[in-house]
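Single-structure report; data block below.
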């Protein structure tokens, strides 16, 4: 590589820098070591999440009286309805109580799943209103507050609209305290269906009703795996307080948007990048001289699932630094 030119890759959104990828992405956490050293972070109330080094697990409090709070890990990619993915985790509840706020006697949800980090961390992201929490794919559990317990694998679109096909979307089963539940949520893009399987203390539990994206559902953009303790702000009826232990968090995603990258000059004047692309992504070669301002050096091309080449539209004078921007349409 020319000493005056550097090739970098950045996922649109600006937080993940990378150079090479191979195969599907799998994030796994068994809490055998401090998760902070593995890229896990906390947003919001830090007192709700605590690493238990002795038992190699995570102690979690879901408290809807506190601000939106997350124990999270960025995925390094953006998932949509066109991507296959799998989420897994172990959960044991020590206690769970709906309606802890006497003015909000209904059941608020306990949540684990995927969200869009930039949106979920905004002050106007309100799970309780039902219309201000876009881009979610999550396992939601509502304890019994007079209407029975509910397990509800939930999709919320980019426009904050809920995916809803009727009562078949949820399952009336209790998460009994003191028991270990293993949850696997597998989404297949070909039929736009999320299948959830569960065990309790190693024995089959369920079945859990599958959830398919309705004809009215648009799309979602999710880039983060999180254990979510949502605030009940905006919900006049429901509240929650629960304590539990989580272990063996995992998510498997499709191959990253850029793989097998090579680069070099074309005609000794213009920089070109070759890589394996993915369908349903857009790619642009960008250039900077100061890492402050990036400008497009090529036209934007759609991924094709095979090799893609981006090259400068015209030769640029002097020193330059390059990156490929990969973004979802």
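The values are calculated or read from the model by the stated rules, or taken from the named source; none is laboratory data. Given the structure is predicted, the values throughout are model-derived calculations rather than measurements. FYI the Cβ positions are ideal-geometry reconstructions off the backbone, even for glycines, and counts take in every protein chain you see.
Points to keep in mind about this one:
- Pick from region 310-329, criterion over 13 Å from residue 295 (Cα atoms) and surrounded by 17 or more Cβ atoms within 10 Å (Cβ to Cβ), ranking: farthest from the chain's Cα centre (by Cα): 311
- Some residue of region 257-275 being within 23 Å of the chain's Cα centre (by Cα), on the phi > 0 side of the Ramachandran plot and either buried (at least 19 other Cβ atoms within 10 Å of the Cβ) or not assigned by TED's automatic domain parsing to the domain that holds residue 30 (or both): no
- Output for region 139-169, where each listed residue is under 16 Å from the mean Cα position of the chain (by Cα) and assigned to a strand (DSSP E or B): 139, 140, 153, 154, 155, 156
Yes or no, residue by residue, for (1) modelled with pLDDT of 95 or more; (2) within 18 Å of residue 223 (Cβ to Cβ); (3) outside any strand (DSSP E or B):
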{"position": "111", "(1), (2), (3)": "yes, yes, no"}
{"position": "118", "(1), (2), (3)": "yes, yes, yes"}
{"position": "137", "(1), (2), (3)": "yes, yes, no"}
{"position": "197", "(1), (2), (3)": "yes, no, no"}
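- Hits in region 204-250 (condition: farther than 25 Å from residue 65 by Cα and not in a loop (DSSP other than H, G, I, E, B)): 204, 205, 211, 212, 222, 223, 248, 249, 250
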